[in-house]
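Engineer: Before I ask anything, let me first share the structure, which is written out below as structure tokens.
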Amino acid sequence: EHGPSAFETSNRNSSYSKEFKLSVVEEYVIGNISIPDLAAKYNIDYSVVRTWINKWYNGIENNDYDPKGDVYTMKSRKTTFEERLEIVKYAIENDMCYKNAADKYTITYALVYKWTRAYIDKGPEALKYEKRGPKKKSEIDESNLTEIDRLKLELEKEKALRKRREFELEVLKKKEVFEKELRFRK
């Protein structure tokens, strides 16, 4: 019925207006035409037409398709805990529309999704930034350490300081040798 054009593939997603989607759904509801026949008539995949009809029956609006690729591919930016909380609350209040939240707050879709899932699963504490890796020696609370652990930490600090001083001495010696060579060349 459609000829060879029925087998052609597109290299991008098709875009359908809200009005067109509604007219296809109405044609199904009023016209007693099957979903496969509608799909063939408009050269649209069966599952797409079925999705539009299911949304209509469930009272969900069929909006225009607007991919806004930039929210999926943009660079991430640093955010505060309060900002992440605000973004997640916006996404939840807007029917889990991660794309709109990502677009509004100029953050990636993936981060909005990740933060929202973490918030739902573990609460607001999950949105706090936790630095990975071992703590720096300066960040360790020495008041909670045993005497042995405190002495070990102090020894490590002294070793690090000694290593730094040895390195500084080595640099000064090399500088002195370099300056002597410069004097002899003149």
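Engineer: For segment 40-65, which residues satisfy the criterion of being more than 27 Å from Asp95 (Cβ to Cβ) and without any contact (Cβ under 8 Å) to a residue 40 or more places away in the chain? Can you show your working first?
Structural biologist: Within segment 40-65, the first condition is being more than 27 Å from Asp95 (Cβ to Cβ), and the residues that meet it are 40-43.
Of everything in segment 40-65, those that are more than 27 Å from Asp95 (Cβ to Cβ) and without any contact (Cβ under 8 Å) to a residue 40 or more places away in the chain turn out to be Ala40, Lys41, Tyr42.
Engineer: To continue, here is another question. Being within 21 Å of Ser14 (Cα to Cα), at pLDDT 90 or above and assigned to a helix (DSSP H, G or I) is the requirement here; does Arg50 meet it?
Structural biologist: yes
Engineer: So which residues in segment 107-121 are among the aromatic types (Phe, Trp, Tyr) and modelled with pLDDT under 90?
Structural biologist: Tyr109, the sole residue that qualifies.
The values are calculated or read from the model by the stated rules, or taken from the named source; none is laboratory data. From a predicted model like this one, the values you see are computed outputs, not experimental measurements. Glycine also receives a Cβ, built like all others from the backbone with ideal geometry; neighbour counts cover every protein chain displayed.
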